[in-house]
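Student: First the structure, then my questions, so here it is.
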Amino acid sequence: MRRLHRACRRRGDASCITTVGESAITTIEAIGQAPQGAALQKAWLELEVVQCGYCQSGQIMSAAALLKDTPKPTDDDIDAAMSGNVCRCGTYQRIRAAIKHAAGV
Ligand code: FES
């Protein structure tokens, strides 16, 4: 019997056991190797975005994907890209500011 993580069962996509085949995977540990990722890390620290830190890996990964595709994002771009990430600490304004800071907008 295949057991799934509770969140996977709830979403129904079983992402925690989905194979990625030949696709490249970038983790939070490697995000600083790309210029946008390094800029995000720097901005996150300078603007003291993190509160408890629970959500921050996902926030930074989403922000990095946004800047890779949209180097100069608008507020609407940021809101759309970050909408799947929930921060219980409510750091949304600092996240938005850090993304803009990293993007130079
Ligand atoms: S920093 Fe605490 S949940 Fe986002």
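The values are calculated or read from the model by the stated rules, or taken from the named source; none is laboratory data. These numbers were taken from a predicted model, which means no experiment stands behind them. Positions of Cβ are backbone-derived with ideal geometry, glycine not excepted, and every protein chain shown enters the neighbour counts.
Student: Can you name the condition, by its number, that Ala43 falls short on among (1) without any contact (Cβ under 8 Å) to a residue 40 or more places away in the chain; (2) touching a helix residue (DSSP H, G or I) at 6+ places or on another chain (Cβ under 7 Å)?
Tutor: Going through the list (1) without any contact (Cβ under 8 Å) to a residue 40 or more places away in the chain; (2) touching a helix residue (DSSP H, G or I) at 6+ places or on another chain (Cβ under 7 Å), Ala43 breaks only (1).
Student: Hey, another quick one. Mind counting the residues in region 64-81 that are more than 20 Å from Ala30 (Cβ to Cβ) and either surrounded by 13 or more Cβ atoms within 10 Å (Cβ to Cβ) or touching a helix residue (DSSP H, G or I) at 6+ places or on another chain (Cβ under 6 Å) (or both)? Before the answer, list the steps.
Tutor: Taking region 64-81 as the starting set, the residues that turn out to be more than 20 Å from Ala30 (Cβ to Cβ) are 70, 72-80.
This time we only want the ones that are either surrounded by 13 or more Cβ atoms within 10 Å (Cβ to Cβ) or touching a helix residue (DSSP H, G or I) at 6+ places or on another chain (Cβ under 6 Å) (or both), so: 70, 72-73, 77-78, 80.
Within region 64-81, residues that are more than 20 Å from Ala30 (Cβ to Cβ) and either surrounded by 13 or more Cβ atoms within 10 Å (Cβ to Cβ) or touching a helix residue (DSSP H, G or I) at 6+ places or on another chain (Cβ under 6 Å) (or both) number 6.
Student: Go over the candidates Gly84, Gly37, Gly12, Gly21 one by one and state the one that is modelled with pLDDT under 95, surrounded by fewer than 11 Cβ atoms within 10 Å (Cβ to Cβ) and under 12 Å from the mean Cα position of the chain (by Cα). Break it down into steps so the answer makes sense when it comes.
Tutor: Values: Gly37 fails: surrounded by fewer than 11 Cβ atoms within 10 Å (Cβ to Cβ); Gly12 fails: under 12 Å from the mean Cα position of the chain (by Cα); Gly21 fails: under 12 Å from the mean Cα position of the chain (by Cα).
Of Gly84, Gly37, Gly12, Gly21, the one residue that is modelled with pLDDT under 95, surrounded by fewer than 11 Cβ atoms within 10 Å (Cβ to Cβ) and under 12 Å from the mean Cα position of the chain (by Cα) is Gly84.
Student: State the number of residues belonging to region 82-105 that are within 16 Å of the ligand (Cβ to nearest atom) and either within 20 Å of Thr26 (Cβ to Cβ) or not in a loop (DSSP other than H, G, I, E, B) (or both). Before the answer, list the steps.
Tutor: Kept after step one, since they are within 16 Å of the ligand (Cβ to nearest atom), are these residues of region 82-105: 82-99.
Remaining after also requiring either within 20 Å of Thr26 (Cβ to Cβ) or not in a loop (DSSP other than H, G, I, E, B) (or both): 82, 84-85, 92-99.
Of the residues in region 82-105, 11 are within 16 Å of the ligand (Cβ to nearest atom) and either within 20 Å of Thr26 (Cβ to Cβ) or not in a loop (DSSP other than H, G, I, E, B) (or both).
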